[in-house]
Amino acid sequence: KAKSQGRGCYRVFDGTMHDDAHRRFQLENELRLAIENNQFVLNYQPIIELADGSVIGFEALLRWHHPEHGIISPAEFIPIAEDTGLIIPIGLWVLDQAVKQLNEWQKKGLITHGFRMSVNLSVKQFTQPYLIEEIDRILVKNNFQSCYLKLEITETAIVENPEAARQLLQQLTHRNIHLSLDDFGTGYSSLSYLHRFPVNTLKIDRSFITCIGTPNENLQIVDAIITLAHQLQISVVAEGIETAEQLAKLRSLGCDQGQGYYFSKPVESIIAENLLKQRILC
Ligand code: C2E
Ligand code: MG
Ligand code: MG
Ligand code: MG
């Protein structure tokens, strides 16, 4: 036991912190085996074209089915995967799986021209030197047409690695793979770099959408983001639409696309397939 005069040093060993550290240590070890133990599943959340309510894409979102703890949120395990480097094989698994799923839906005739599957890329993946080769390998292996793919990165990834960003963007553009800036408005919000990087889409962060219809609503900011994006030929997706009022206001501001519980939560592939068959969600 730590000395009591240690002015709180021994607090490191108090019960809750021990539990947190223990859980993390346990998850870290189990995460190493999660791929081969088939514990990962992708859920799919529809992205809606606001002009006509059609499903124009899905965002693939990773879920970990842990044998003891049940479903663990990516908010908890992605940071562990990033710290341990496991995000590299996990990220490739996600891409492979998402591409396979889209191929399957394509064979069933459910995919229209212009549809895209969005896959999240961690900053750690983004700065890997062989990322584009790995992407190519997965696309070739699955005989997948790259024009159906969209990658999501956060603006932080670009601001912190402008040279890596420029190179990757060139390579993606060459393959007609689209790029979204995720959680836009929460990070650096450095609008000045937007014109230097040919991103296709901005995803306005959920925090700006959630407050629409509340006293904290700030439509001027949302309006300004949409106007600027459109001037730069960038399309805009609103994340986290939950109410009809939010949808109506975003439509009136000319927002292109939306995603959120109002349309559908992220769902497993069978349910996602039904949404595709339904085609129009609002
Ligand atoms: P994200 O990429 O910004 O994904 C959107 C998150 O918002 C998802 O959380 C989604 O379930 C949630 N969301 C969507 N609409 C609503 C809504 O109307 N209300 C509310 N309250 N939430 C909504 P999720 O699936 O828990 O993922 C959290 C984050 O984990 C993602 O944020 C992404 O950063 C990361 N993540 C998920 N899957 C992957 C992956 O395959 N690779 C990587 N690198 N990161 C991933
Ligand atoms: Mg995302
Ligand atoms: Mg997002
Ligand atoms: Mg987000």
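Listed here are the residues, each with its yes/no results for (1) within 30 Å of E160 (Cβ to Cβ); (2) buried (at least 16 other Cβ atoms within 10 Å of the Cβ).
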residue	(1), (2)
A60	yes, yes
K100	no, no
S118	yes, yes
T127	yes, no
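Using the structure shown, decide if G240 is under 19 Å from P46 (Cβ atoms) and of a type outside the set (S, T, N, Q). Spelling it out, G240 is indeed under 19 Å from P46 (Cβ atoms) and of a type outside the set (S, T, N, Q). Among the residues of the stretch 64-77, those identified as more than 25 Å from V236 (Cβ to Cβ) and either open to solvent by 30 Å² or more (accessible area, probe 1.4 Å) or assigned to a strand (DSSP E or B) (or both) are W64, H65, H66, P67, E68, H69, G70, I71, I72, S73, E76. Contact annotation: no residue pair with Cβ atoms under 6 Å, 6 or more positions apart or on different chains, pairs a residue in the stretch 158-172 that is of a type in the set (A, V, I, L, M, F, W, C) with a partner that is open to solvent by 90 Å² or more (accessible area, probe 1.4 Å) and in a helix (DSSP H, G or I). Only one of these is out of contact with any strand residue (DSSP E or B) (no Cβ under 9 Å at 6 or more places or on another chain), among the polar types (S, T, N, Q) and assigned to a helix (DSSP H, G or I): Q106, Q128, Q101. Name it. After ruling out the rest, the residue left standing is Q106. Under the condition of being surrounded by fewer than 14 Cβ atoms within 10 Å (Cβ to Cβ) and either in contact (Cβ under 8 Å) with a residue 40 or more places away in the chain or within 25 Å of Y262 (Cα to Cα) (or both), the residues counted in the stretch 33-58 number 2.
Table: residues versus (1) aliphatic (A, V, I, L, M); (2) within 16 Å of ligand 2 (Cβ to nearest atom); (3) closer than 23 Å to L102 by Cα.
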residue	(1), (2), (3)
D136	no, no, yes
V140	yes, no, yes
T154	no, yes, no
E163	no, no, no
I177	yes, yes, yes
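Within the stretch 222-245, which residues are farther than 26 Å from K265 by Cβ, open to solvent by 10 Å² or more (accessible area, probe 1.4 Å) and not charged (D, E, K, R)? Of everything in the stretch 222-245, those that are farther than 26 Å from K265 by Cβ, open to solvent by 10 Å² or more (accessible area, probe 1.4 Å) and not charged (D, E, K, R) turn out to be A224, T227, L228, H230, Q231, L232, Q233. Tell me, please, whether a residue that is more than 25 Å from the chain's Cα centre (by Cα), exposed (fewer than 13 other Cβ atoms within 10 Å of the Cβ), at pLDDT below 95 and assigned to a loop (DSSP other than H, G, I, E, B) can be found in the stretch 25-32. No, the stretch 25-32 contains no residue that is more than 25 Å from the chain's Cα centre (by Cα), exposed (fewer than 13 other Cβ atoms within 10 Å of the Cβ), at pLDDT below 95 and assigned to a loop (DSSP other than H, G, I, E, B). In the stretch 76-87, the residues that are farther than 10 Å from R24 by Cβ reach residues that are of a type outside the set (A, V, I, L, M, F, W, C) and crowded, with 17+ Cβ neighbours inside 10 Å with C-beta atoms within less than 6 angstrom, at least six apart or across chains, in these pairs: E82/S122; E82/K124; I87/S122; I87/K124. Scanning the stretch 112-128 for residues that are in contact with a Phe, Trp or Tyr (Cβ under 9 Å, 6 or more places away or on another chain) and without any contact (Cβ under 8 Å) to a residue 40 or more places away in the chain gives no hits.
Quick grid of which residues meet (1) within 21 Å of R23 (Cα to Cα); (2) within 13 Å of ligand 1 (Cβ to nearest atom):
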| residue | (1), (2) |
| --- | --- |
| I47 | no, yes |
| L62 | yes, yes |
| G109 | no, no |
| T112 | no, no |
| R116 | no, no |
| S122 | no, yes |
| L131 | no, yes |
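When you check L61 against the structure, is it part of a strand (DSSP E or B) and either within 16 Å of ligand 3 (Cβ to nearest atom) or not basic (K, R) (or both), yes or no? So L61 passes the test.
Here's the yes/no breakdown for (1) at pLDDT below 95; (2) aromatic (F, W, Y); (3) open to solvent by less than 60 Å² (accessible area, probe 1.4 Å):
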residue	(1), (2), (3)
Q167	yes, no, no
N176	no, no, no
S180	no, no, yes
S189	yes, no, yes
L194	yes, no, yes
V199	yes, no, yes
K203	no, no, yes
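The values are calculated or read from the model by the stated rules, or taken from the named source; none is laboratory data. Computed from a predicted structure; not experimentally measured. Reconstructed Cβ throughout: ideal geometry from the backbone, glycine too, with neighbour counts over all protein chains shown. Areas reflect the complete protein model, heavy atoms only, side chains present, ligands, DNA and RNA absent. Shrake-Rupley method; radii C 1.70, N 1.55, O 1.52, S 1.80 Å.
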